[in-house]
Amino acid sequence: MTTLNINGKSVTVTAAPDTPLLWVLRDELGMTGSKYGCGVGQCGACTALADGQPIRSCSVPISVLTSAQITTIESLGGNHPLQVAWVKNDVPQCGYCQSGQLMSAAALLASNPKPSDADIDAAMSGNICRCGTYQRIHAAIKEAAGFPAVAPVTAPPAPRAPRAAPQV
Ligand code: FES
Ligand code: FES
């Protein structure tokens, strides 16, 4: 038995102490917001927070988290300013990476409420998005931080079709 503090609540779990947090969240506690991507700490899909710092929950055993305040995507509740900005900026595509992206962004804004562009890039660099939503994530974080909204990302104009050859 291991006792953890998750989203402000004390929970006792039966998983072995060397079980990574992600498995406990998803399989034992039914908290499926944190996603399994690479499983080796490289993609960020499983990001949760421990004492406000992003961790890769796929790679951190619960035995080292017994005194930490663990925060997961479920804690944001749906109306967190980041989630509102995410929706407004149409950020998610397939959505698979997005809970991890949001948790890294939440950790950033909690410690740095007015991040610079470079701060955002540094804080988000460990979260991979195969759909390429990086620009929209950046814009949504700025908006949630209170910066004016930027113009939405638009596709470049389609090339014109070549003119038909004149008929003779
Ligand atoms: S699933 Fe944890 S970092 Fe990829
Ligand atoms: S939205 Fe598809 S992987 Fe990021």
TODO: Would you list which lysines come within 16 Å of Lys9, measuring only between C-alpha atoms, while excluding same-chain residues fewer than 8 positions from it?
DONE: none
Open item on the list: Net charge around Leu109, counting only other residues with Cβ within less than 15 Å of its Cβ (Lys, Arg = +1; Asp, Glu = -1)?
Closed with: -2
TODO: List the extent of the Cα atoms of the chain along each of their three principal axes, largest first, rounded to whole Å.
DONE: 87, 35, 25
- [ ] Hey, can you grab everything whose amide H is under 5 Å from the amide H of Gln69? Only 5+ residues off in sequence or another chain; H modelled, so Pro and N-termini drop out.
- [x] Asp51
- [ ] List every residue whose amide H lies under 5 Å from the amide H of Ala48, counting only residues 5 or more places away in sequence or on a different chain, with H placed 1.01 Å from N in the peptide plane.
- [x] Ile55, Ser57
Open item on the list: Compute, for the chain, the length of the dipole vector about the Cα centre, with Cβ point charges of +1 (Lys, Arg) and -1 (Asp, Glu) only. Units Debye, rounded to 20.
Closed with: 620
Task: Table column - 3J(HN,Hα) (Hz), region 101-107, Karplus curve with 6.51, -1.76, 1.60, x for Gly and Pro - done: 4, 4, 5, 5, 5, 5, 5
- [ ] Counting helices only, and only those DSSP H runs with n ≥ 4, report the 222 nm mean residue ellipticity of the chain as the sum of -39,500 (n - 2.57) divided by its residues, in deg cm²/dmol to the nearest 500.
- [x] -7000 deg cm²/dmol
Task: Point-to-point label distance, Val11-Asp90, nm (Cα→Cβ direction, 7 Å offset) - done: 3.5
Open item on the list: For a distance above 14 Å, tell me the whole-number percent of Cα pairs in region 2-74 that qualify.
Closed with: 52
- [ ] Pop a pseudo-label 7 angstrom from the Cα along the beta-carbon direction at both Asn112 and Tyr36 and give the gap in nm to one decimal.
- [x] 3.3
Open item on the list: Based on alpha-carbon centroids, what's the gap between region 130-148 and region 1-46 in Å, whole number please?
Closed with: 27
- [ ] Rounded to whole Hz and in sequence order, give me ³J(HN,Hα) for region 67-77 from the Karplus expression 6.51 cos²θ - 1.76 cosθ + 1.60, θ = phi - 60°, writing x for Gly and Pro.
- [x] 10, 9, 8, 8, 10, 10, 4, 4, 6, 6, x
Open item on the list: Angle check, please: helix 134-144 long axis (alpha carbons) against the longest principal axis of the chain (alpha carbons), in degrees 0 to 90, nearest 10.
Closed with: 70
Open item on the list: Using amide H atoms built in the peptide plane, which far-off residues or other-chain residues are under 5 Å from Tyr96 H to H?
Closed with: none
Task: In order through region 14-24: 3J(HN,Hα) via Karplus (6.51 cos²θ - 1.76 cosθ + 1.60), integer Hz, x for Gly, Pro - done: 9, 4, 4, x, 8, 6, x, 3, 4, 5, 5
Open item on the list: Going Cα to Cα from Lys142, which lysines come in below 28 Å? Please leave out same-chain ones fewer than 8 positions away.
Closed with: Lys35, Lys88, Lys114
Open item on the list: To make sure I understand, if each residue's beta carbon is the centre and we count other beta carbons within 10 Å, what order do Ile73, Ile141, Ile120 fall in, fewest to most?
Closed with: Ile120, Ile73, Ile141
- [ ] Taking only Cα atoms and a 10 Å spring cutoff, compute GNM fluctuations for the chain and point out the largest among Ala45, Ala140, Ala110.
- [x] Ala110
Task: log₁₀ of I(q)/I(0) at q = 0.16, 0.22, 0.27 Å⁻¹ - region 72-132, Debye sum with one point per alpha carbon - done: -0.50, -0.98, -1.40
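Below 11 angstrom from the Cβ of Gly33, what's the summed charge of the other residues (Lys, Arg +1; Asp, Glu -1)?
+1
Values quoted throughout were computed directly from the atomic coordinates according to the rules given, and no laboratory measurement underlies them. Just so it is clear, the structure is predicted and the values come from calculations on it, not from any experiment. Here Cβ is always computed from backbone atoms with ideal geometry, including for glycine, and neighbour counts include all displayed protein chains.
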